[in-house]
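What follows is a set of notes on a single structure, which appears directly below.
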Amino acid sequence: MIKLVSDENFDGDILRGLYRRRPDLDVVRVQDIGLNSTPDPDILAWAAIEGRILLTHDRDTMPKFAFDRVRAGQAMPGLFLVNDLMPIGQAIDEILLAGDCLAPEECKNYVGFFPYEALSRRGRKSAGCVIAPARFTHPTSPPADARRSGRAAGPQ
């Protein structure tokens, strides 16, 4: 089972919902461990030491710091970036689903975006969560050679 830590500004209603639905969920808040007003890189460092995936709404700076850790060869146990406009119930469902489906090893060096919605190659919408590799690729992107030539990748 994965272990989580929420950053200072993570929605308390989502955390309360997670606790209600899964009382045995291993999640701590930075406020409860004395890391209030701690810089983001230091929170990621603490999460790495403790083997905890960070829950955050901070899409402005936290992904960059996570990617910086990966590029530097430092441990990065994972980052779940939850859109703060996402309905609370949906956020709870998707975090719990990720927790049920992913092993801690699968989250290393990954940033998960919640919710994930994109058009497939055939134009149908798909929704859910996606775990995007920290090497700045996107799981639905065609290979670089296909982008350059203008042809689509994969079966048509």
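Taking the stretch 5-31 on its own, how many of its residues are surrounded by fewer than 16 Cβ atoms within 10 Å (Cβ to Cβ) and touching a residue at least 60 places away in the same chain (Cβ under 8 Å)?
2
Go through the residues of the stretch 32-54 one by one and say whether even a single one is closer than 22 Å to residue 87 by Cβ, touching a Ser or Thr at 6+ places or on another chain (Cβ under 9 Å) and buried (at least 20 other Cβ atoms within 10 Å of the Cβ).
Narrowing the stretch 32-54 to residues closer than 22 Å to residue 87 by Cβ: 53-54.
Those still in the list that are touching a Ser or Thr at 6+ places or on another chain (Cβ under 9 Å) too: 54.
Now narrow it down to the ones that are buried (at least 20 other Cβ atoms within 10 Å of the Cβ): 54.
For the stretch 32-54, residues closer than 22 Å to residue 87 by Cβ, touching a Ser or Thr at 6+ places or on another chain (Cβ under 9 Å) and buried (at least 20 other Cβ atoms within 10 Å of the Cβ): present.
Could you run through the stretch 91-112 and say how many residues are of a type in the set (A, V, I, L, M, F, W, C) and part of a strand (DSSP E or B)?
Looking only at the stretch 91-112, we keep the residues that are of a type in the set (A, V, I, L, M, F, W, C), and these are 91-92, 95-98, 101-103, 107, 111.
Next, only the ones that are part of a strand (DSSP E or B) stay: 111.
Of the residues in the stretch 91-112, 1 are of a type in the set (A, V, I, L, M, F, W, C) and part of a strand (DSSP E or B).
Starting from the stretch 74-102, take each residue that is farther than 21 Å from residue 64 by Cβ and charged (D, E, K, R) and list its partners that are modelled with pLDDT of 95 or more and surrounded by 15 or more Cβ atoms within 10 Å (Cβ to Cβ), counting only C-beta distances under 9 angstrom and pairs at least six apart or across chains.
Here the result reads 94/80; 94/82, each pair linking the stretch 74-102 to a residue that is modelled with pLDDT of 95 or more and surrounded by 15 or more Cβ atoms within 10 Å (Cβ to Cβ).
Can you pull out every residue in the stretch 19-53 that is in a loop (DSSP other than H, G, I, E, B) and over 18 Å from residue 97 (Cα atoms)?
Step one: list which residues in the stretch 19-53 are in a loop (DSSP other than H, G, I, E, B), which gives 22-25, 34-39, 51-52.
Correct list: 34, 35, 36, 37, 38, 39, 51.
Just one of the numbered conditions (1) within 18 Å of the chain's Cα centre (by Cα); (2) more than 24 Å from residue 86 (Cβ to Cβ) is not true of residue 15; which one?
Going through (1) within 18 Å of the chain's Cα centre (by Cα); (2) more than 24 Å from residue 86 (Cβ to Cβ) one by one, residue 15 breaks only (2).
Report, by residue number, each residue of the stretch 60-90 that is under 19 Å from residue 13 (Cα atoms) and either in contact with a His (Cβ under 7 Å, 6 or more places away or on another chain) or assigned to a loop (DSSP other than H, G, I, E, B) (or both).
Result: 82, 83, 84, 85, 86, 87.
The values are calculated or read from the model by the stated rules, or taken from the named source; none is laboratory data. Being a predicted model, the structure only gives us computed values, none of them experimental. Because the Cβ atoms are built from the backbone with ideal geometry, glycine has one as well, and the counts that use them run over all protein chains shown.
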